[in-house]
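Working notes, beginning with the structure itself.
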Amino acid sequence: MNKPSDKVTNLQLAFIIISTMLGVSMLGLTHFTVRGAGNAAPFASLVGIFIAFIGLMGYVLIGRRFTKDTLVGYNESILGKPIGRLCSFLIVIVFLALTGLETRQFAEAVQGSILPNTPMHISIIAMILLFATTSFQRVDTFASIHFFYVPLILIPIIIVVAPAFRDIEIYHMTPILGNDPTWGGFMNGALAVTQAIGNFVVIAMVIPFMKYPKKSWKGAVGGFWIAGFIVIFMTTMTVAVFGENEIKKMYWPLLNLGRMITIPGEVLSRIDAVLLVSWVYGVFTTLLSYYFLVVRGVCGIFRFHHYRVVSLITAPIIYGIAIFPRDIYTLYDYIRMFSSYGVVPLLVYPFFLLCISIIRKKKGGSV
Amino acid sequence: MLDTSQETRLTTSLDENVQTVKKVFKNDADFSTRSFHLFNNIPATSLFISSLVDKEKINRDIIQPLQEKRSSNNEESANSTKKDLLQSLLNDYLYFADGEKKQDLSSLLDGLLHGKTVILLDGESQYLLLDTLKTEKRSIEQPETERVVRGPRDGFIEQMESNISLLRYRLPVPEFRVEPFEVGEKTKTKVSVCYLDNVVSDALLEEVIKRIQDISIDRILDAGYIEQFIQDNPRSPFPQVQNTERPDKAVGNILEGRVIILVDGSPFALIVPAVFNQFYQTSEDYAGRTIIMSIIRVIRFLSLIFSLTFSSLYITIVSFHPEMIPAQFVVAASSGRAGVPFPVVVEVLLMEVAMEILREATIRMPQQVGGALSIVGVLVIGEAAVSAGFVSPITVVIIALSTIGSFATPSYNAAIAFRLLKFPLIILSGFIGLLGLAVGLMFIINHMISLRSFGVPYLSPVSPWNKQGFKDSLIRAPLRWLTERPAELQPKDKVRVESGVESGPTNPFKRKGENDE
């Protein structure tokens, strides 16, 4: 069935990027940015987003060159079968690990905020069940799911964060480069943002299923900057309200911001729960993207196209990874390790592929 | 017996032929034969099943003209073309719209069982089949299940012929096709596939016909049987085929590029493909004013969401997030619950189950008792439960709201799907609160997004997004803006409203060349 309606549109690609980028890290991201860059967190976020943007352009460019191949496909045709498969395998491993770790991070956040007395395993299992039963669907269903959740993620964030304008203190934000800026600290903060939003790599699995793969940059750039704006907006608001020192003490600054907000009319006295629900949606779409990449990647490497089987077999592995870290501190160590040695190189990777493909004069289309 | 007769041809002997047929029917009470002499001359027998035929019609239109003694020249001409005696009977003597000449036994039996009268002649191995079917039918009434304030009052009935005539009456164009099928090995139910040739997508039509032809079952007693066999996902709680009793709704859907399936013996027409949007829309929406009807649609949608989530949201807030309750209300909420012995989940579950029992009982009760029962149910049980301390008054209000919400949905099968899905949500949110509610909802949403009806995504035009389609979904834009037929159905002819209408009516009182100022 090659009906036009089965193809992913640019709008859907943009929404996939938005909902993938806004995920688990939403609640805690500001904490890490501020720990590195201090008051300069908003500016550092902007720099981090720019670094990620370069990677995005890499994937769009290579997607233009190989319009019919996924990441796994062009890995093989550019690097040759053995090395290509090895690279694809490493990428899958990185995302497999990230899926497990971020599921755990989600469970930790849930336990710390809404369900203090419930065992963490329940939220881990619930989340794994959710994305494992969805990730074997067709690509257009995957795109539709992302599309549907984006308004449910964005609208509550804006509703919760926007009223915080009343509580802004300008002195929290100045000087714009922070007090005593150090190059290392600033870049640490910026890279924290890059690591958190670098997960848009999943579009490499979606671009070949688009209606016009050559024009994918429209959706990709649009979606990226909308999500980027939301990240900067959230960081700026939390920094402006709490200031550097307060944020360093909080693990989930955005949630604390949500607790402060009251909506006019006194319908509900606190609406941080609403923020949490939208965050749960964000987590789900992000993990769905990761897992989608894992399932499709495994199937691509082994030429085994029973997505359902792979998805159900991999789910217990994810569970194993999720319960592996002893506590939240080791968890964050693992996450930082995988995202700095896994995700950041992935942003350079497409340029490397592009260079080799130009040298070897490989061009897309062969499936 | 029947197996051997499949191949059997009739002989030229009248007696033998009559005996063969009599052997098949043995001594069925309603199998009748009537012997007479054709033109006072040739022995003939008419066979029919008296319970299915219009006897008056047989007397007046068959026996009478055939028994009449004809003048000699007619007789001669009849005799001279003896080979074509049957044909000449059809051509010259019988005033029948549906008459056929046949020769095999199986179609004779088939014809008899469909209310046809068979005329056997001595010395002929062929026979005449004349349609004399008369079945009992009720008059055309307003459909009970889909009442409207404004709109036509006629509804489908059990007889397919009448239903087709109701459709033809509204669609007098040659492109309107009614394609016949026969499904059910024993019931031999007639099924018609109706569509507009120049609108419907060929791929869709092919798929519908293929799915109908693939059905192999002994019985089709209602359109619901067909629905079960042609839907995409039989495990889903959501209806993927819409049914309607309203001819205007059926015609509206045909014009959008959908296919209607009529089943003989069922007053419900099936509409395929069906997307979720259709289940909270009514045909009346298009007859009223845009703003009002859009608001009403939103209300219906909200009430559907209410019926799904309201009780579980209540559980979540009361037992997991009491901080969300406004300060002034906390006292009322907690004092009402003071004497209740169960946790909120159990309380809500009890009441919801009681509500479902009441609903089911009200449907099955005889109508005279039903009304009384629902009053007893709502007033007495609710009141008694509160004063006995089983439930808190707020719970009763919440349950009542969520139940009423589901009754605002025009389509019964969609409403009941949502109402029963609320039970897993209640249990989930009773266990893990807000997370359970969010996860449960996500399971439902993900399932709905991946669901398809004849290849059309169930949640279109919302996801996948289609701006033109959205104008007729949660809202109903003015008719002159609905310029295109739904794109997800891929109609051959996309244009619904000519763009000329879009600019609006002109002012007849404005003189030519006059400016607006």
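Could you pull out the longest piece of chain A with no exposed loop trypsin sites (Lys or Arg not before Pro) in it, calling a site exposed if DSSP puts it outside H, G, I, E, B and it has at most 11 other Cβ atoms within 10 Å?
Numbers: sites that count: A:R303, A:R326, A:K361.
After excluding every exposed loop site, the longest remaining stretch is A:1-302.
Under a cut-off of 27 Å between alpha-carbon atoms, report the lysines in cross-link reach of A:K363, not counting same-chain residues fewer than 8 places apart.
Straight-line reach from A:K363, under 27 Å: A:K3, A:K7, A:K68, A:K81, A:K211, A:K214, A:K215, A:K218.
Fewest Cβ neighbours within 10 Å first, please rank B:C194, A:C87 accordingly.
Going from sparsest to densest Cβ surroundings: A:C87, B:C194.
Average partner chain C-beta neighbours within 10 Å, per residue of B:441-453?
5
What nm distance separates the two modelled labels at B:V376 and B:Y169, each placed 7 Å from Cα along Cα→Cβ?
Calculated label separation equals 4.2 nm.
Could you identify which residue out of A:P175, A:P253, A:P213 has the top mean-square fluctuation in a GNM of chain A using Cα springs shorter than 10 Å?
A:P175
So between B:R235 and B:K186, what do we pick up on full extension, going 0.36 nm a residue minus the alpha carbon distance?
14.9 nm
Using the Cα atoms of the range B:160-274 to build a convex hull, what is its mean projected area in square nanometres?
Directional mean of the projected Cα hull area for the range B:160-274 stands at 6.6 nm².
Check each of the GluC sites (Glu not before Pro) in the range B:127-187 and keep only those in coil by DSSP with at most 14 other C-beta atoms within 10 angstrom; list them in order.
Those that pass, being in a loop and sparsely packed, are B:E136, B:E141, B:E144, B:E175, B:E185.
Measure nothing fancy, just the Cα-based angle from helix B:327-336's long axis to the longest principal axis of chain B, in degrees from 0 to 90, nearest 10.
In chain B, helix B:327-336 runs at an angle near 60 degrees to the longest axis.
When the chain is fully extended, how far beyond the present Cα-Cα distance does B:R364 get from B:A384, taking 0.36 nm per residue of separation?
Once the chain is fully extended between B:R364 and B:A384, it gains 4.8 nm.
Add -39500 (n - 2.57) for each DSSP H run of 4 or more in the protein assembly as shown, then divide by its residues: what number comes out at 222 nm, to the nearest 500 deg cm²/dmol?
Taking each H run of at least 4 residues, the total per residue is -17500 deg cm²/dmol.
Using 10 Å bins from zero, what percent of all Cα-Cα pairs in chain A falls into each bin?
Reading the bins upward from 0: 5, 25, 34, 24, 10, 2, 0.
Once R0 is set to 25 Å, what does the formula 1/(1 + (r/R0)^6) return for the Cβ-Cβ distance between A:F302 and A:K68, expressed as a FRET efficiency to the nearest 0.05?
Numbers: r = 20 Å, r/R0 = 0.78.
E(calc), rounded to 0.05, equals 0.80.
For the protein assembly as shown, taking Cα atoms only, what is the radius of gyration to one decimal and the Dmax to the nearest whole Å?
Cα only, the protein assembly as shown: 35.4, 127 Å (Rg, Dmax).
Pulled fully out, how much extra length does the chain show between B:R147 and B:Q228, if you take 0.36 nm times their separation in residues and subtract their Cα-Cα distance?
Contour length minus Cα-Cα distance gives 26.6 nm.
Jot down the per residue volume, in cubic angstrom and as a whole number, of the convex hull over the alpha-carbon atoms of the range B:290-457.
150
Which cross-chain or sequence-distant (5 or more) residues have an amide H under 5 Å from the amide H of B:V462, H modelled 1.01 Å from N in plane?
none
Could I have the simple spin-label model distance between A:R166 and B:R9, label points 7 Å from Cα toward Cβ, reported in nm to one decimal?
9.7
Any read-out appearing in this document is the output of simple, stated calculations on the displayed coordinates, not a laboratory observation. These figures come from a predicted structure and were not determined experimentally. Ideal geometry is used to build each Cβ from the backbone, glycine not excepted, and the neighbour counts take in all protein chains shown.
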